Amino acid sequence: MTERTIVYRFKNGIYINLTNRCPNLCTFCIKTKWAMQFDGHNLDLAGQEPTAEEILTAVYQELQTPAQEVVFCGFGEPTMRLDVVLAVGRALKKHAKYPQFKIRLNTNGLGNLINRRDIVAELKTAVDMVSVSLNAENETLWKELLRPAPGYENGYQSVLDFIGSCAQSGFEKVTASCVENTAADPKAVRALALSLGADFNDREYLK
Ligand code: SF4
């Protein structure tokens, strides 16, 4: 197996593979379907999550070539490692090329529950944009599609509150998304996202 990838290029962005851990087990998650591979990269961290220093070294190297954004991602949920998101994001905001690139968080929206506190104000110091995987227009569907772990079964309202709070907190962009071709109705998810003050993005169902 190829060496684990902690930072990789995709489209116009630099993506950070922060963790493989996630409190959800979404029916559409590609990490299991694609055996932890993405676009030729091995995203299986095998329990060796990268440190903030490792990440920054790799991102600084990548920033020698222009990028539009640096994205906290995974095959996992970045807010499982909020301390690293904050340390890396705050350091990147001091980089000579910032704000030529934006800093974005890809999240399932459960960060407040995961960290047992409201994390939005802290995120604001480290991240410019937030993209939340919402994927369902009601709690029943959310549980069915995202299959949250014990302790997160009632997380849907927390996700909605997180999106609404981000939308009111002055981030440059807050987006809620819905994966296509599931039992969810993208139009209803879009209406919900807009009602929370977020933009909407529908995402291709990857097979
Ligand atoms: S929230 Fe993301 S990483 Fe977690 S299971 Fe769902 S698709 Fe996979």
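Rule-based calculations on the coordinates, nothing more; no lab input. What you see is a predicted model, and the numbers here were worked out from it, not measured in a lab. Cβ atoms come from the backbone with ideal geometry, glycine included; neighbour counts cover every protein chain shown.
With θ set to phi - 60°, apply the Karplus curve 6.51 cos²θ - 1.76 cosθ + 1.60 along segment 154-159 and write out the HN-Hα couplings as whole Hz, x wherever there is a Gly or Pro.
9, x, 4, 5, 5, 5
In whole Hz, what ³J(HN,Hα) sequence does segment 120-130 give by Karplus (6.51, -1.76, 1.60; θ = phi - 60°), x for Gly and Pro?
Computed from phi, the couplings for segment 120-130 are 4, 5, 5, 4, 4, 7, 10, 9, 8, 9, 10 Hz.
When all C-alpha to C-alpha distances in segment 1-75 are sorted into bins of 10 Å, what percent of pairs does each bin hold, rounded to whole numbers?
That works out to 19, 52, 27, 3, in percent per bin.
For the pair T140/D39, report the inter-label distance in nm, with labels modelled 7 Å from Cα in the Cβ direction.
3.8
In the chain, what % of DSSP beta bridges are antiparallel (nearest 5)?
If I count the DSSP bridges inside the chain, around 20 percent turn out antiparallel.
Quick one: 3J(HN,Hα) in Hz for segment 86-94, Karplus 6.51/-1.76/1.60 with θ = phi - 60°, rounded, Gly and Pro as x.
Along segment 86-94, the couplings run 5, 5, 5, x, 5, 5, 5, 5, 9 Hz.
I want to verify a result. In a Gaussian network model of the chain, Cα cutoff 10 Å, which of these has the top mean-square fluctuation: R21, R116, R104?
Between R21, R116, R104, it is R116 that shows the largest mean-square fluctuation.
Under the definition of Cα pairs under 8 Å and six or more residues apart, what whole-number percent is the relative contact order of segment 50-207?
19
What chymotrypsin sites (Phe, Trp or Tyr not before Pro) does segment 4-43 have in DSSP loop regions with at most 14 other beta carbons within 10 Å?
On the way: sites: Y8, F10, Y15, F28, W34, F38; in loops: F28, W34.
Filter output for segment 4-43: W34.
Using only C-alpha positions, report the orientation-averaged shadow area of the convex hull of segment 7-203, nm², one decimal.
Mean orientational projected area (segment 7-203, Cα hull): 10.3 nm².
Between I103 and residues 5 or more places away or on another chain, which pairs have amide H atoms under 5 Å apart, with H built 1.01 Å from N, and which residues are they?
Hits under the 5 Å cutoff: V70, D128, M129.
Assuming R0 = 22 Å, what is the FRET efficiency of N201 and F10, from their Cβ-Cβ distance, to the nearest 0.05?
E(calc), rounded to 0.05, equals 0.90.
Work out the FRET efficiency for L25 and T2 from their Cβ-Cβ distance, taking R0 = 35 Å, and round it to the nearest 0.05.
So, using R0 = 35 Å, E works out to roughly 0.90.
Which FRET efficiency value, to the nearest 0.05, is calculated for K187 and K97 with the Förster distance at 35 angstrom and r the Cβ-Cβ distance?
Taking R0 as 35 Å, the efficiency between K187 and K97 is 0.35.
Pick from C73, C29, C178: which residue has the top mean-square fluctuation in a GNM of the chain where Cα pairs under 10 Å get a spring?
Per the Cα network of the chain with a 10 Å cutoff, C29 tops the list.
Give me, ordered by chain and number, the residues 5 or more places off A176 or on other chains with an amide H under 5 Å from its own placed amide H.
V132, D199, F200, N201
For every helix of n ≥ 4 consecutive DSSP H residues, a contribution of -39,500 (n - 2.57) applies; sum these over the chain, divide by its total residues, and give [θ] at 222 nm rounded to the nearest 500 deg cm²/dmol.
-8500 deg cm²/dmol
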